[in-house]
1. From the residues LEU151, THR162, THR191, which one has its Cα farthest along the dipole of segment 77-209 in the positive direction, the dipole being from +1 and -1 charges on Cβ of Lys/Arg and Asp/Glu about the Cα centre?
2. Output needed for segment 324-443: three equivalent-ellipsoid semi-axes, defined as square roots of 5 times the C-alpha gyration tensor eigenvalues, in descending order, whole Å.
3. For the chain, find the longest principal axis of its Cα atoms and tell me its angle to the long axis of helix 277-304, 0 to 90°, nearest 10.
4. Looking at the P(r) of segment 164-317, how many percent of alpha-carbon pairs lie beyond 25 Å?
5. Under 8 Å for C-alpha pairs, at least 6 residues apart: give me the relative contact order for the chain, rounded to a whole percent.
6. For the chain, what's the radius of gyration and Dmax over Cα atoms, in angstrom?
7. For helix 388-409, report the angle its Cα long axis makes with the longest principal axis of the Cα atoms of the chain; keep it between 0 and 90° and round to the nearest 10°.
8. Give me log10 I(q)/I(0) at q = 0.17 Å⁻¹ for segment 269-320, Debye formula, one equal scatterer per alpha-carbon, no solvent.
Amino acid sequence: MSPTGYLAPTRNTERISSVDIIRGVSLCGILLMNIVGFGLPNAYLDPTVAGGSTGPNLGVWWTTSMFFEGTMRGMFSLLFGAGIILFTSRATENINGVSVTDAYFRRILWLFLFGIIHCYLLLWHGEILYSYALVGMFAFTFRHWNPRRLLIGVVVLLTCATAMSVKDYFQEKTAFEQATVVQMKKEEGKTVTKKEEKAIADWQGILDSKKPSAEAIKEEIEAYHQDYFSILMHKGPLNQYMETTFIYRIAFFDVFAMMLLGMAMLKNGVLKASKSNRYYLIVGLIGYTVGLSVNYWETSYQIEKQFTIEAQNLTNITYNLGRVFVTLGHVAVIMLFIKSGMLMILQRALAAVGQMAFTNYIMQTLICNTIFLGFGFSLFGRLERHELYYIVFAVWVFQLIVSPIWLHYFRFGPLEWLWRSLTYWQRQPFRRTNAQPNIQIAGSGVV
């Protein structure tokens with residue numbers, strides 16, 4: 001509580017630096033995956049669609065799928081869940097009777113609006129803010145659960161997500177088999193029924209969605225090379241799908257489970273870097289052993305089967321098992337890095353990127369859309385998959401340099417400042433009266 005009795009943003013001296021560093025790492029890592037959505041059509045999971053699937057392009061797909069797919073988003077979601085605990089762990093009410101709960105939901109509703117703007121107006125269909133706002137309303141209810149109950153909730157949610165993947169696998173496998181049988185009948189000159197014709201049409205719809213033709217890819221690329229308003233209209237249906245069906249069918253379980261896991265990991269001290277080196281080493285070994293073994297099977301199987309739809313659906317069944325354990329491995333390694341005291345300049349830079357995660361996340365969208373879309377340099381669909389990562393590394397360097405400099409003179413990133421001011425319905429102080437370093441790293445993870 002602030003000296004006047006009003007709720008106020010967390011002071012810099014109250015921040016948990018380990019959380020900021022993990023957030024900075026995950027924010028950088030998210031661009032490793034998002035860049036494919038920014039720069040290539042329909043190729044996020046399937047390199048055979050666009051961007052190249054041999055040589056360095058296949059190597060990049062394999063590397064990102066093994067180590068980063070779902071894990072950077074997973075860490076970001078972990079921290080959002082932990083943030084719910086941190087935000088609501090202060091005094092229940094201020095002297096005017098405005099509760100932390102009211103402030104939290106005001107904060108979430110603004111995030112909800114930011115997500116809509118980010119998706120529909122800033123043209124990023126893969127944005128996560130809208131999902132966090134929706135799921136955050138549900139996760140808030142579970143903030144008082146102990147770590148054991150939270151972990152049970154994680155298992156239940158991920159089991160539901162896996163069950164849906166199993167259903168998808170058998171549903172599309174059956175669709176393929178039925179369409180194949182009907183196609184054989186047609187080739188033999190036999191009469192087929194309307195129901196059988198529909199089986200072929202249903203499978204063709206799945207193919208068009210997951211394995212679009214070269215002509216469809218060309219049309220998609222051309223659409224992204226138009227002016228802003230043309231792209232806005234073209235992406236409308238996709239944006240609507242991502243902010244409705246995709247969230248309730250896929251993202252809800254994904255994000256909710258990781259938020260609960262983040263709450264549990266904050267409560268038992270894992271995210272505060274307060275565990276022993278031995279503890280983090282064991283977690284890292286277990287996480288990488290299980291997770292990378294699963295991911296290796298998934299990537300090898302898809303390459304062996306040449307990225308067929310059936311192969312993709314089958315490997316989706318083990319997706320959460322692999323990504324959750326690799327995420328735990330990443331967290332453990334980052335904590336060991338923090339506790340080691342090594343590369344303090346990098347740690348401070350990552351912490352600064354993490355403190356400005358909202359601003360940096362939107363900045364990544366603005367930079368990438370300027371590079372790839374028609375109102376900018378129109379590079380969408382023109383680079384190979386591996387070439388996209390030159391852009392990623394350039395953005396990383398820029399944000400790692402600029403974020404600490406910005407926070408030397410300002411208390412918050414510009415969007416963080418706006419969000420806080422709207423949350424507390426009061427203009428927050430922005431500039432520092434006496435410029436001084438804002439990033440402090442402590443071995444215990446608490447500053």
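Readers should treat all values here as calculations from the given coordinates under stated rules, not as data from a laboratory. Computed from a predicted model, the values in this text were never measured in an experiment. For neighbour counting, all protein chains shown are included, and Cβ atoms are generated from backbone atoms with ideal geometry for every residue, glycine included.
1. The Cα lying farthest towards the positive end belongs to LEU151.
2. Values: eigenvalues 151, 108, 39 Å².
Listed largest to smallest, the semi-axes of segment 324-443 are 27, 23, 14 Å.
3. 20 degrees
4. Values: 6774 of 11781 pairs.
Of the Cα pairs, 57 percent sit more than 25 Å apart.
5. 31 percent
6. 23.2, 84
7. Between helix and principal axis, roughly 20 degrees.
8. Debye curve over Cα of segment 269-320, log10 I(q)/I(0) at q = 0.17 Å⁻¹: -0.61.
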